[in-house]
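Step one of this worksheet: look at the structure below.
The values are calculated or read from the model by the stated rules, or taken from the named source; none is laboratory data. As the structure is a prediction and not an experimental result, all values here were calculated from the model. Ideal geometry is used to build each Cβ from the backbone, glycine not excepted, and the neighbour counts take in all protein chains shown.
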Amino acid sequence: METKNTRPLSELELLLENADEDIRYKAAREVAWDIKPPYEQVCEWGQSENPLRREMAAFILGSSSWVDEAKTVTALTYPQAVPFLLKMLNDMDEDVEQTALEALANHKEPNTLPP
């Protein structure tokens, strides 16, 4: 579901593989904060052959959140992502592993941790 004045997801998805880190992260922030695509779609990106796309998937899984109308509660959009992010810690690409680790740090609330 798209909100605000964001670019189309199809356009942003291509930028997740851009060689320029600033462009990649700007696109990933827009995806994570404004569009919030289905969890399954982000996991598909996390299994891509392209390490840049996998890195951005980890970033999105750890940084996408919502705030209630009263602005009293902030929660992660993908609390179910912990097991997937744990698997990403074994990625062949060092940047993917580091980003997955940083994403896991955002999942520190007890209700998002595996039993």
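Quick notes on this structure:
- Single condition residue 15 does not satisfy, out of (1) out of contact with any Lys or Arg (no Cβ under 8 Å at 6 or more places or on another chain); (2) surrounded by 18 or more Cβ atoms within 10 Å (Cβ to Cβ); (3) not small (Gly, Ala, Ser): (1)
- Among the residues examined, residue 60 does not qualify as over 17 Å from residue 99 (Cα atoms) and crowded, with 17+ Cβ neighbours inside 10 Å.
- The set of residues from the stretch 12-57 being among the small types (Gly, Ala, Ser), over 22 Å from residue 80 (Cα atoms) and assigned to a loop (DSSP other than H, G, I, E, B) comprises just one member, 19.
- The stretch 58-80 - residue that is part of a helix (DSSP H, G or I) and more than 26 Å from residue 20 (Cβ to Cβ) and, of those, modelled with the highest pLDDT: 80
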